[in-house]
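Have a look at the structure below before the remarks.
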């Protein structure tokens, strides 16, 4: 599964409404005001549902969730078990 | 105006696309689904019960005055949330109200009645009306909120909520209260996020972004509301964000019946989408004029999708007329020139 592609599609559609002009794989969702604290919860719900993983409380950190590349790295490592 | 044939979202809603049947992409990809979330709700309800058990086993439990601080607006959902926390879950509750100076008189009465009936402690913070009026006035044309935040609520409500969340979190940290509860409806928050532990590094980052926006709107007048370094230093990492209505059965008739027995009555002077705040109608109108859609459409669409509200009721809530006298009164109170 193309994790990065799925995450990008979700972010562009759900948070940016189709406008991906300033979004690259390393863009910080929080610093660039794409996602706020409630949005992080929505992102977690998407990640859990789409990739069938459980985001543990201690994994709810920017390093795992704050950019397309971060989410890809985190999800890929979770899926490998 | 074209509307989704399944929910209530209009063609002016950001990012909306309709399929051939007129169903919108938000319905097709919703995080809230009708009747498919029963297992998920049970999962998160069980998680909450396990968390409560963990808190009670903590050596510090008996010395801790409160288990949960609950954001309490006086509205129906937060009133029911208090009842659930105090009675169903038998928690030691501190209710906290942010008096934004626009609470309906009946809402203030409801707050007193519900807290008295439930025998829970209540704290109210009433900031200076001048500071709040400036904040709300400046919020009308604020451009610092994430696009998604503006789908969920008006700019004015976003500012108010940021102040509320900061105050609640500060108080929880200062008083060592492990649970923070909000009365979000199932349309406002996905169930997967209803029991979630705060993480310090995520908190720093999201608070930092929120702070920049609020400071832009309020300047230094925002500082007393915001977390300071000492709060982050005090933060233990064992603070949880709880949204009980997302994992419990949500039936508005049941809610109104239960809180009615606590002395709650619906204010007669708020708009169709609020049961506590007189600023709401003005905030909604300003948002609609600026962005072209009703700021409650997102939540109501979620409630319709989740089977908690009929589409007909949802459409009615979004199209109820607003009393122009009320809008004028709010406009004057905010210090705005005649429209």
Legend entry - helices (runs of 4 or more DSSP H) contained in the stretch B:1-85 and holding at least 3 residues more than 26 Å from residue B:98 (Cβ to Cβ) and in contact with a helix residue (DSSP H, G or I) (Cβ under 8 Å, 6 or more places away or on another chain): B:25-28, B:38-57
Inset, instruction - Could you please let me know if residue B:153 is crowded, with 22+ Cβ neighbours inside 10 Å, away from every other protein chain (no Cβ under 14 Å) and in contact (Cβ under 8 Å) with a residue 40 or more places away in the chain? - result: no
Legend entry - Checking residue B:3 against (1) buried (at least 17 other Cβ atoms within 10 Å of the Cβ); (2) over 20 Å from residue A:15 (Cβ atoms); (3) at pLDDT 95 or above; (4) within 24 Å of the chain's Cα centre (by Cα), the condition it does not meet: (4)
Inset, instruction - Scan the stretch B:97-126 for residues that are more than 20 Å from residue B:260 (Cβ to Cβ), surrounded by fewer than 22 Cβ atoms within 10 Å (Cβ to Cβ) and touching a strand residue (DSSP E or B) at 6+ places or on another chain (Cβ under 9 Å) and jot them down. - result: B:99, B:121, B:123, B:124, B:125, B:126
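Scan the stretch A:14-59 for residues that are in a helix (DSSP H, G or I) and free of Cβ contacts under 8 Å to residues at least 12 places away in the same chain and jot them down.
Taking the stretch A:14-59 as the starting set, the residues that turn out to be in a helix (DSSP H, G or I) are A:14-15, A:37-51, A:57-59.
Passing the criteria: A:37, A:38, A:41, A:45, A:48, A:49, A:57, A:58.
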Inset, instruction - Please verify whether the stretch B:19-40 includes one or more residues that are in contact (Cβ under 8 Å) with a residue 40 or more places away in the chain and more than 30 Å from residue B:293 (Cα to Cα). - result: yes
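Can you name every one of the helices (runs of 4 or more DSSP H) wholly within the stretch B:254-333 that holds 2 or more residues which are farther than 27 Å from residue B:111 by Cα?
Details: elements: B:280-291, B:297-305, B:311-319, B:324-333.
By residue number, B:280-291, B:297-305, B:311-319.
Just to be sure, is residue B:147 in contact with a helix residue (DSSP H, G or I) (Cβ under 8 Å, 6 or more places away or on another chain) and buried (at least 22 other Cβ atoms within 10 Å of the Cβ)?
In short, no.
Take the residues in the stretch B:207-230 that are within 13 Å of another protein chain (Cβ to nearest Cβ) and in contact with a helix residue (DSSP H, G or I) (Cβ under 9 Å, 6 or more places away or on another chain), then tell me which one is surrounded by the fewest Cβ atoms within 10 Å (Cβ to Cβ).
Here the residue is B:216.
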Legend entry - Close pairs (8 angstrom Cβ cut-off, 6 or more residues apart or separate chains): in contact (Cβ under 8 Å) with a residue 24 or more places away in the chain and facing chain A (nearest Cβ under 8 Å) in the stretch B:195-206, in a helix (DSSP H, G or I) and surrounded by fewer than 20 Cβ atoms within 10 Å (Cβ to Cβ) anywhere: B:196/A:57; B:197/A:57; B:197/A:58; B:199/A:57; B:199/A:58
Inset, instruction - Give the residues of the stretch B:285-305 that are over 15 Å from residue B:10 (Cα atoms) and under 18 Å from the mean Cα position of the chain (by Cα), sorted by residue number. - result: B:303
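Per-residue answers, yes or no, for (1) more than 14 Å from chain A (Cβ to nearest Cβ); (2) surrounded by 13 or more Cβ atoms within 10 Å (Cβ to Cβ); (3) on the phi > 0 side of the Ramachandran plot:
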residue: B:37; (1), (2), (3): no, yes, no
residue: B:50; (1), (2), (3): no, no, no
residue: B:55; (1), (2), (3): yes, yes, no
residue: B:90; (1), (2), (3): yes, no, yes
Inset, instruction - Residue by residue through the stretch A:17-32, note down the ones that are within 23 Å of residue B:16 (Cβ to Cβ) and crowded, with 21+ Cβ neighbours inside 10 Å. - result: A:29
Inset, instruction - Go through (1) within 22 Å of residue B:242 (Cα to Cα); (2) more than 7 Å from chain B (Cβ to nearest Cβ); (3) in contact with a helix residue (DSSP H, G or I) (Cβ under 8 Å, 6 or more places away or on another chain) and name the single condition residue A:56 misses. - result: (3)
Legend entry - Unmet criterion (only one of (1) within 14 Å of chain A (Cβ to nearest Cβ); (2) under 30 Å from residue B:134 (Cα atoms)) for residue B:172: (1)
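Can residue A:11 be described as at pLDDT 90 or above, in a loop (DSSP other than H, G, I, E, B) and within 12 Å of chain B (Cβ to nearest Cβ)? Explain how you work it out, then say what you get.
Numbers: at pLDDT 90 or above: yes; in a loop (DSSP other than H, G, I, E, B): no; within 12 Å of chain B (Cβ to nearest Cβ): yes.
So residue A:11 fails the test.
Could you count how many residues in the stretch A:60-81 are facing another protein chain (nearest Cβ under 10 Å), outside any helix (DSSP H, G or I) and in contact (Cβ under 8 Å) with a residue 12 or more places away in the chain?
Restricting attention to the stretch A:60-81, the residues satisfying the condition of being facing another protein chain (nearest Cβ under 10 Å) are A:60-66.
Those still in the list that are outside any helix (DSSP H, G or I) too: A:60-61, A:66.
Within this subset, residues satisfying the condition of being in contact (Cβ under 8 Å) with a residue 12 or more places away in the chain are A:60, A:66.
Of the residues in that region, 2 qualify.
Out of the strands (runs of 3 or more DSSP E) lying entirely within the stretch B:118-237, which hold 2 or more residues that are within 30 Å of residue B:285 (Cα to Cα) and over 16 Å from the mean Cα position of the chain (by Cα)? Show your work before the answer.
Numbers: elements: B:121-125, B:179-181, B:195-197.
Correct list: B:121-125.
The values are calculated or read from the model by the stated rules, or taken from the named source; none is laboratory data. Keep in mind that this is a model prediction, so the values were computed, not measured. Reconstructed Cβ throughout: ideal geometry from the backbone, glycine too, with neighbour counts over all protein chains shown.
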